[in-house]
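Shown next, in structure tokens, is the structure this report addresses.
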Amino acid sequence: MVSQERIKDYKDWFENLSFFSFNSFILDEIENLWNLLNYIYSNYLEVLKSVEFEKNDISFVSLEENISMAQQFFDKYHINISIKDMIKANILTFKKIADQNSKETAGSSYYDGEKNKKIEVYLDDTIIDSGVIIHEIMHYLNQPETERSFVSDLLTESVSYGIEFIYVEELKKSPYYNEAERFMKVAARIIYRLMDKVYYIYKLILLYKKEKDISLEAYNKIFKDNNYEKML
């Protein structure tokens, strides 16, 4: 059972949040965004859950080629980044994936002990590496000045995945068409995990916008699913 104190904390947060004092895309379009998420849930959830990723299905691609493809993408869209300069400055480093059976390639963008921005990309020698390089460099460009909060994490992830998806769409026009199709499915599964978090944030925002309240009674006026406590 969710405590009344916790509900009060949420409501106090909403009432003091400048977000609700101004027009914004999320507030203006919250009902459409909520409907979109419900559509995705009902139509694609089982598909995303069933996506399998086999490393053997993706061709070997050297680090040099992955760097070259990522740089060409940045240059095409006038994103002022030199990957080679970042490597020389020890901002961007590469490591091999410890578990070669891992289904998902990853990287990280972070602040080191001296508060310098750093990027690590964990390689598995496939075309996915170039996508991870692009994804993490976009984090580098969009990191908040302090440690990420839950909200800033979602915002910087949306930018990184948005740019990465554009890159993967362009790969579909290249000799890496088959790899791009598989890459998109893997990325979509990761996006679903982020979307699962956004789903309940949007639900809470919609409730507060309509009722100016987040009580169980207010919830039951709009939603008939008995998921009030799960939302909170």
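Remarks
- Anisotropy class of region 126-232 from Cα gyration tensor, a/c 1.5 cut: prolate
- The calculated FRET efficiency for Lys185 paired with Lys96, based on their beta-carbon distance and R0 = 25 Å, is about 0.60.
- Computed label-point distance, nm, for sites Gln4 and Lys173 using a 7 Å Cα→Cβ extension: 6.1
- Filtered GluC sites (Glu not before Pro), region 126-232: DSSP coil and at most 14 other beta carbons within 10 Å: Glu145, Glu147
- Approximate spin-label separation Asp75-Ser62, in nm, with each point projected 7 Å along Cα-to-Cβ: 1.7
- Too-long pairs where the Cα-Cα distance tops 32 Å, listed order kept, from Lys8/Lys118; Lys185/Lys210; Lys96/Lys185; Lys96/Lys230; Lys84/Lys172: Lys8/Lys118; Lys185/Lys210; Lys96/Lys230
- Simple spin-label estimate for Ala89 and Asn38 in nanometres, 7 Å along Cα-Cβ: 4.7
- With a Förster radius of 22 Å applied to the beta-carbon distance between Glu31 and Leu155, the computed FRET efficiency rounds to 0.55.
No value in this document is a laboratory result; all are computed from the given coordinates. None of these values were measured; they are calculated from a predicted model. Glycine also receives a Cβ, built like all others from the backbone with ideal geometry; neighbour counts cover every protein chain displayed.
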